[in-house]
Amino acid sequence: MSRLQLALNVADLDAAIAFYGALFGTEPAKRRPGYANFEIADPPLKLVLFEDAEQTGTLNHLGVERASVAEVHAESRRLRESGVAVELPADEECCHAYQNKFWVTGPDGQRWENYVVLADSTPELEGLRVLPTADGTCCTTA
């Protein structure tokens with residue numbers, strides 16, 4: 001299933017997870033230090049949250065999650081044929097997942113990614129969060 005993606009910068013990840021969990025009636029599908037995503041069925045949406053107190057309340061990027069690598073490649077081809085400049089990083093690790101993707105930039109600078117998740121890259125971080133600590137460690141259990 002393809003779905004739109006909305007990636008937001010948030011000041012407080014725990015507060016944002018509580019709010020969006022209530023708003024959409026679901027728990028995060030993935031949670032990592034400074035990061036969470038929701039896979040919402042209705043409306044079909046991938047909501048991604050990046051903890052960034054300096055950019056809070058701003059759009060990080062937009063995207064379309066595709067169901068397969070073939071769909072990613074077909075959309076890339078279609079856009080190139082219509083004259084849209086396509087950036088092709090192809091397979092990369094992003095958002096705690098291995099993905100096949102490409103990027104385009106809208107006329108006002110909005111970044112859009114088209115991607116398919118190939119595999120989770122950091123399952124050992126599930127449920128951890130970033131907390132400022134005196135000893136310099138990055139993560140503690142939620």
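Considering the range 3-33, the residues that are among the aromatic types (F, W, Y) and either assigned to a loop (DSSP other than H, G, I, E, B) or touching a strand residue (DSSP E or B) at 6+ places or on another chain (Cβ under 8 Å) (or both) include one that is nearest to A67 (Cα to Cα), namely F24. For the range 55-75, which positions are without any contact (Cβ under 8 Å) to a residue 24 or more places away in the chain and loosely packed, with under 12 Cβ neighbours inside 10 Å? Selection gives A70 alone. Does at least one position in the range 75-90 carry a residue that is at pLDDT below 95, in a strand (DSSP E or B) and touching a Ser or Thr at 6+ places or on another chain (Cβ under 6 Å)? Within the range 75-90, not a single residue is at pLDDT below 95, in a strand (DSSP E or B) and touching a Ser or Thr at 6+ places or on another chain (Cβ under 6 Å).
The residue list L4, L49, L13, L8 contains one member that is touching a residue at least 40 places away in the same chain (Cβ under 8 Å), among the hydrophobic types (A, V, I, L, M, F, W, C) and in contact with a Gly (Cβ under 7 Å, 6 or more places away or on another chain), which is L13. For A22, are the conditions met, namely being modelled with pLDDT under 90 and over 18 Å from D120 (Cα atoms)? Answer is no for this residue.
Specify the residue that is surrounded by the fewest Cβ atoms within 10 Å (Cβ to Cβ); the eligible residues are those in the range 35-54 that are over 11 Å from the mean Cα position of the chain (by Cα) and farther than 15 Å from L4 by Cβ. It comes out as E54. Selection of first residues in the range 76-87 that are under 11 Å from F102 (Cα atoms) and of second residues that are of a type in the set (G, A, S), restricted to Cβ pairs under 7 Å at least 6 apart or on distinct chains, gives the following pairs, ordered by first then second residue: V86/S76.
The values are calculated or read from the model by the stated rules, or taken from the named source; none is laboratory data. Just so it is clear, the structure is predicted and the values come from calculations on it, not from any experiment. As a convention, Cβ positions derive from the backbone with ideal geometry for all residues, glycine included, and neighbour counts pool all protein chains shown.
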